[in-house]
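The values are calculated or read from the model by the stated rules, or taken from the named source; none is laboratory data. None of the values given here were measured: they were computed from a predicted structure. Heads up, the Cβs are rebuilt from the backbone with ideal geometry, glycines too, and the neighbour counts pull from every protein chain shown. Please note that ligands, DNA and RNA were not included when accessible areas were found on the heavy atoms of the full protein model with its side chains. Shrake-Rupley method; radii C 1.70, N 1.55, O 1.52, S 1.80 Å.
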Amino acid sequence: MIGAIAAGNAVVLKPSEIAPATSKLLATLIPRYLDNSVIKVVEGGIAESTQLLEHKWDKIFFTGSARVGKIIMSAAAKHLTPVTMELGGKCPTIVDSILNKKELVVTAKRIAFGKWSTNNGQACLSPDYLLVGEKFAETLIEALKRTIERFFGEDPSTSGDISRIVNQNQFLRLKKYLEDPSIAQSVVYGGKYDESKLYIQPTILLDPPLTSEIMNDEIFGPLLPVITLKRIEESIDFINSRPKPLCIYLFSNNKDLKERVASETSSGSLAVNDTIIQFALDTLPFGGVGESGFGMSHGKFSFDTFSHPKGILYRGLFPDFTLRYPPWNEFKLGFVKAFLQFDYFNLILLWLGLKK
Amino acid sequence: MTPQKVSTNITVFPSSAEIVPEPLGAALIISAWNYPFCSGKIGRIVMAAAAKHLTPVTLELGGKCPVIVDPTVDLEVTARRIIAGKWGCNNGQACISPDYIITLESFAPKLIDALKVTLEKFFGKDPFQSADLSRIVNFSHFARLTRLLDDPKVSDKVIYGGQRDEKRLIIAPTLLLDAPMDSLIMTEEIFGPLLPIITKMEEALEVVSSLPKPLAAYLFTKDKKFERQVVASISAGGMVVNDTAIHLANHHLPFGGVGESGMGAYHGKFSFETFSHKKAVLYRGFMGDLMVRYPPYTTRKQKIVRCLLTGDFLGLVYALIGWNS
């Protein structure tokens, strides 16, 4: 919104109806502090969104799922409205063997922070699944278990620092994963849930089947599959065989691996040795690529997203080169050719009439 | 292209960051012979098809490119440059060709005379004999342009030219004076050798703004104040002051439309960026890990974060001391 307003646009904000308390807060605070004649909040769900989309907008910025993104872009196409799409994806986290104990602790903390401290996994940037060398998997999982207990206590349902699942639909979607026998048998930690409180415990799964739904849909919840590979370099092919994600995370001290991941994979963004935090740096563009979206935001990128760069050329009426104008003849053509080829010698000869 | 380093801030300290441009993959370039008529209609079809796959699109469409001519100008050069942009560019069949002129009523006769004289100089007394005038690209466009000329609303407005030869698909450079704003020629993109001149200089900006945003807008003036006013008030893909079409040749300028004239830009580095994804990359080490980032989020931690975000260093010190004791 800041970018849109800074670029001089009027803005209508339609917050997600899936988080009604936040939507209500925005609808209350924004009119109180911002100019109501040019900045408005419209609350609502599908019906209200559909009505909004019938109008011609000069720009649409959409954050959400690919399914809804397609509906929005099709509606925008009717009015030739440019769009920016911030979609999701399965953000893979590659974890190389971290042998230093202190660094392992930091790695586990940063992964746990990205997964369970960020709306309990319900964020487009959350690490979706881990890719680990099979020899290192157990060490990493133990470190994660210890970190979860340090962060949220022995029983996270009593911790004030863990989010609930946003609504019943999403809860049931995640519960379905845990009830699928082929997925359930891969749970190595957690797995408890309480429907009355919309609570799901931070859960780690080890090698669920790659064809299962949990490895093909964006999880958007507190379930963390750990996929083991024979060699960590295989993670590059693994990621490239799947749709481009919004973020890729890599924990490693290996310079070659870092370079390979940066140049051989494609994603909205890449963070090395941390998760989520690239979001906080507004000199970096935030946006997806491929199925994770297109267009950029944050900092000046937001301003540019909501602007049209009008190119202006100023000329004087003097001098005026006549060879530009008809009637066009061989002489003029020769002159222009020499000019475009920077052939100044022949240019002068032509001009002096010493060459035809 | 080499990655571009960017600065970092305190929230990610210590780290380094860069933007790495990547290719998008397989790009489809739909090249029109030179932008078909009703490009807005085709643009919508292309974008709707792209929406099914969430493919980002750049649309280079058309529009009615206005030329505002104020009486302070050098008539001869102005006439030459308008003609070069209009009839010198595929006989008006170019997306950036001047579509119509807006000028002062009292100045119009002088401008029209200058245009007539120069047209004869460039294309001869019988333009059908000139080798420098393009034909109309095909029969359906010829029929479309004929329809614009045969519109009863403009029957008495043609003041020069108007000759056509269907067999050879040629239409002579044609000038019209004060065609009504609701005539076909003033509501559709002309894309041909017909040039309406509208004498509504006082409402020039309103006239232009009442039509969809064009791909290019042209202004001929020596009045700097007027120039600034027009540049600030007219929204168009691009603008040229004291010339037509030529901004295409400057690859430091982004070339693209806005609104109905399109979205996205290209030429020079803008083309590279249009077909790239700017991947953000942040590198961190394992040092410099702030405790306040991780749960459990005690009141003290929250206080520290609040102080950091608001720059309250004194509050920060108190909170830290309180925490340590």
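What to note about this one:
- Database remark: amide H of residue A:251 closer than 5 angstrom to the amide H of A:94, A:95, A:96, A:273 (H placed geometrically; neighbours at sequence offset of 5 or more, or on other chains; Pro and chain starts carry no H).
- √(5λ) per eigenvalue of the Cα gyration tensor, the protein assembly as shown, largest first, Å: 60, 26, 24
- Within the accessible area of region B:1-109 (1.4 Å probe), percent carbon and sulfur: 64
- Neighbour cut-off at most 13 other Cβ (10 Å), DSSP loop, trypsin sites (Lys or Arg not before Pro), region A:132-189: A:135
- Put a dot 7 Å past the Cα of residue B:187, heading toward its Cβ, do the same for residue A:192, and the two dots end up 7.1 nm apart.
- Compared with the direct C-alpha span, the chain from residue A:328 to residue A:234 gains 27.6 nm at full extension, assuming 0.36 nm per residue.
- For region A:152-300, averaging the sequence separation of C-alpha pairs within contact (under 8 Å, six or more residues apart) and dividing by the residue count gives a relative contact order of 14 percent.
- Buried accessible area, chains B and A (both chains, 1.4 Å probe, Å² to nearest 100): 6400
- Residues of region B:64-84 with amide N under 15 Å of a point placed 7 Å along Cα→Cβ from residue B:223: B:68-74
- Residues residue B:30 and residue A:138, FRET efficiency given R0 of 41 Å [Cβ-Cβ distance, rounded to 0.05]: 0.15
- Note that region B:134-188 presents 48 Å² accessible area per residue, ligands and nucleic acids not counted, probe 1.4 Å.
- Per-peptide average of other Cβ atoms within 10 Å, ordering A:309-319, B:311-321 highest first: A:309-319, B:311-321
- Loop-resident trypsin sites (Lys or Arg not before Pro) (DSSP state other than H, G, I, E or B) in region A:4-88 with no more than 13 further Cβ atoms inside 10 Å of their Cβ: A:56.
- By accessible area, using a 1.4 Å probe on protein heavy atoms only, chain A has 58% of its surface on carbon and sulfur.
- Over region A:223-356, accessible surface divided per residue gives 51 Å², non-protein components excluded, 1.4 Å probe.
- Neighbour-limited loop hits for GluC sites (Glu not before Pro), region B:78-184 (at most 16 other Cβ within 10 Å; DSSP other than H, G, I, E, B): B:105, B:166
- Listed pairs A:300/B:64; A:70/A:244; A:244/B:52; A:59/A:300; A:258/B:5; A:255/B:5 exceeding 20 Å between Cα atoms: A:300/B:64
- When peptides B:67-75, B:221-229 are ranked by their average number of other Cβ atoms within 10 Å per residue, the highest-first order is B:67-75, B:221-229.
- Alpha-carbon Debye profile of region B:103-170, log10 I(q)/I(0) at 0.22, 0.23, 0.28 Å⁻¹: -1.10, -1.13, -1.19
- Most mobile of A:178, A:323, A:104 in a GNM of chain A (Cα contacts under 10 Å): A:323
- Gaussian network model of chain A, springs between alpha carbon atoms under 10 Å - residue of A:266, A:117, A:74 with greatest fluctuation: A:74
- Peptide A:298-308 is shielded by partner chain Cβ atoms: per residue, an average of 2 of them sit within 10 Å of its Cβ.
- Label-to-label distance, residue B:252 versus residue A:304, with points set 7 angstrom from Cα along the beta-carbon direction: 1.8 nm.
- Considering only the protein assembly as shown, percent of DSSP beta bridges that pair antiparallel, nearest 5: 35
- Among beta bridges identified by DSSP and lying wholly in region A:198-356, the antiparallel ones come to about 10 percent.
- Karplus-derived 3J(HN,Hα), 6.51/-1.76/1.60, for each residue of region A:224-230, Hz, glycine and proline x: 10, x, 10, 9, 9, 10, 5
- Using the Cβ-Cβ distance between residue B:233 and residue A:260 with R0 set to 60 Å, the FRET efficiency works out to roughly 0.70.
- Listing of region A:155-189 residues, each with accessible area lower by at least 20 Å² in the full protein assembly than in the chain alone (probe 1.4 Å): A:161
- Estimated FRET transfer efficiency (residue A:1, residue B:52; beta-carbon r; R0 25 Å; 0.05): 0.30
- Rolling a 1.4 Å probe across the protein heavy atoms gives region A:1-64 an accessible surface of 66 Å² per residue.
- Remark: mean inter-chain Cβ contacts per residue of B:45-54 equal 6, using a 10 Å Cβ-Cβ cutoff to other protein chain atoms.
- Rounded to 5, the percent of DSSP beta bridges in chain B classed as antiparallel: 50
- Occluded residues from region B:69-112, i.e. those whose accessible area drops by 20 Å² or more once the chain is not alone (1.4 Å probe): B:77, B:80, B:81, B:84, B:88
- Between region B:236-261 and region A:31-80, the Cα center-to-center distance that results, in Å: 30
- Euclidean distance between Cα centres, region A:176-241 to region B:278-318, Å: 30
- Label zone at residue B:106 (point 7 Å along Cα-to-Cβ), backbone N below 13 Å, region B:58-76: B:71-72
- Within the accessible area of region B:167-280 (1.4 Å probe), percent carbon and sulfur: 58
- Just checking the listed ones, A:203, A:81, A:158: in the Gaussian network model of chain A with Cα springs under 10 Å, the one fluctuating most is A:158.
- Cross-link reach list, aspartates and glutamates versus residue A:101, counting only Cα pairs under 15 Å and skipping chain neighbours closer than eight places: A:138, A:142, B:289
- Couplings 3J(HN,Hα) for region A:16-33, derived from phi with the Karplus relation 6.51 cos²θ - 1.76 cosθ + 1.60 (θ = phi - 60°), are 5, 6, 6, 10, x, 5, 5, 4, 5, 4, 5, 5, 8, 6, 4, x, 6, 10 Hz, where x marks Gly and Pro.
- Listed by chain and number, the lysines whose C-alpha is less than 21 Å from the C-alpha of residue A:337, apart from same-chain residues fewer than 8 away, are A:355, A:356.
- Residues of region B:253-268 buried by at least 20 Å² of accessible area upon assembly of all protein chains, compared with the chain on its own (1.4 Å probe): B:253, B:254, B:258, B:259, B:260, B:263.
- Cross-link partners for residue B:278 among the aspartates and glutamates, with Cα-Cα distance under 17 Å and sequence neighbours closer than 8 places in the same chain left out: A:86, A:259, A:264, A:282, A:291, A:304, B:18, B:22.
- Karplus-derived 3J(HN,Hα), 6.51/-1.76/1.60, for each residue of region A:258-270, Hz, glycine and proline x: 4, 5, 5, 5, 4, 9, 9, 10, 10, 7, x, 8, 9
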